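Here the structure is laid out as structure tokens; the discussion comes afterwards.
The values are calculated or read from the model by the stated rules, or taken from the named source; none is laboratory data. Computed from a predicted structure; not experimentally measured. Virtual Cβ from ideal backbone geometry, glycine too; neighbours counted across all protein chains shown. Protein only, heavy atoms only, side chains kept; ligands, DNA and RNA dropped before computing areas. Shrake-Rupley method; radii C 1.70, N 1.55, O 1.52, S 1.80 Å.
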Amino acid sequence: MIFLLFVIDKILRKEGGSKFVIITFLFSFSLLINSNGFFAFEDVQEVLIFLIFPISYFSFYYLNKNDNPYKIADNLLLLSCFLIFTSIPFILGIIEQTKADNIEAEIYGLDDKIMVGFFKHPAIASKIFVCSALFIYLYGLNVKTKITKLILWLFFAVGSYCVYMSFTRTGWFMLLFGIVFSLVYKKKVKTYIFKVIPILFILIFAVSFIYNNNESVQRRLNGERIGRENSQVDETDMLTSGRNVLIENAISSVYSEGIQALIFGIGVKKSIESNDGAVAHNRFAEVFQYGGFLSLILFVFYIKAVYTEIKRYKTNTYIYSINILFFILLIISFIPSHGFPIWIDLLFGGTLATNRILYEQQLKLKNEVTV
């Protein structure tokens, strides 16, 4: 906590009170204020988890602001490759997945075990594999050396396989969106005609082929499970895997506590207790439940502040493209889940810092030439 206060003080002094810094810490500490009158350990834990991204961003920036930004990108590439490399012992069967992962596979009729690796849960693993694979993919598009490009393509292929085997709809969608994004973002008309459109057709055909020829994929996408075919489960509950009920319970638990809870929320501990140990699986609903309308409004401003921070340091590089993509993926992950895992918060923070350093160095060079 002392280190955290030191970092906050240093950032505020260096940044001169920028909107991003102010809104970030206003939102994070609003989660400590709730209708219970005091914060529990769980509230502090939630704040610390949230602060990983901004601390990663500013740490990468201040520790490397005078270095070559492309060397920082190389280190982030190594991190992405390492995160995917950790899956190889599980793919080769050297390390076995847990029984819980095997049960998860059986309910969809999947012959193989779901890929989780060292990352505890399929939802967490899928987002780590997705963002790592897409970072490698966009980095690899700008590599000239054939052997390096081949190695990166192999890592991307392994990462994509891990995303598929993590068997989460959010992970699948994020991967497909990232590939399409990389194909269409800032491309010329000629490139669309001769490269983008043919690849999109191949991609659509591949996805259709997998769906039509794999019952496990069909079950997963439709929310169906083996042994529950004839049960009286609401279709919406099935498609959302019960998330709609969790979100409704989260919102109603706040409304039932009165006006003070609506403004300040009921805190993390009481939120989990009110939902029988479950969370809402929607970041907006979770924030509202934890910190009421106060935190929810600040959270929306925080999201806007992140986007503004990205646009503020716009460069014509693949690093900037990765920042835009990661921001969109972050928003996507907020809807059916809790956002990015810690490893991807570190990766995103590092990427944002790298682009800022690159922007400032380019601007400095431009000014020196002008003078």
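Given a Förster distance of 22 Å, report the FRET efficiency between LYS311 and ASN68 from their Cβ-Cβ distance, rounded to the nearest 0.05.
Computed FRET efficiency for LYS311 and ASN68 comes out at 0.40.
How large is the Kirkwood hydrodynamic radius of segment 132-185, counting all unique pairs of alpha carbons, in Å?
Mean inverse Cα-Cα distance, inverted, gives 11.5 Å.
With a point put 7 Å past each Cα toward its Cβ, work out how far LEU183 is from PHE82 in nm, to one decimal.
3.3
Length gain on complete extension for the stretch PHE173 to VAL369, per 0.36 nm per residue less the alpha carbon to alpha carbon distance?
Difference between extended and current length: 66.1 nm.
Given a 1.4 angstrom probe, what's the average accessible area per residue across segment 124-187, in square angstrom?
41
Share of segment 243-291's accessible area from carbon and sulfur, percent, 1.4 Å?
58
Expressed as a whole percentage, what fraction of the accessible surface of segment 140-187 belongs to carbon and sulfur atoms when a 1.4 Å probe is rolled over the protein heavy atoms?
76
Could you grab the relative contact order for segment 299-371? Cα pairs under 8 Å, six or more apart, rounded to a whole percent.
38
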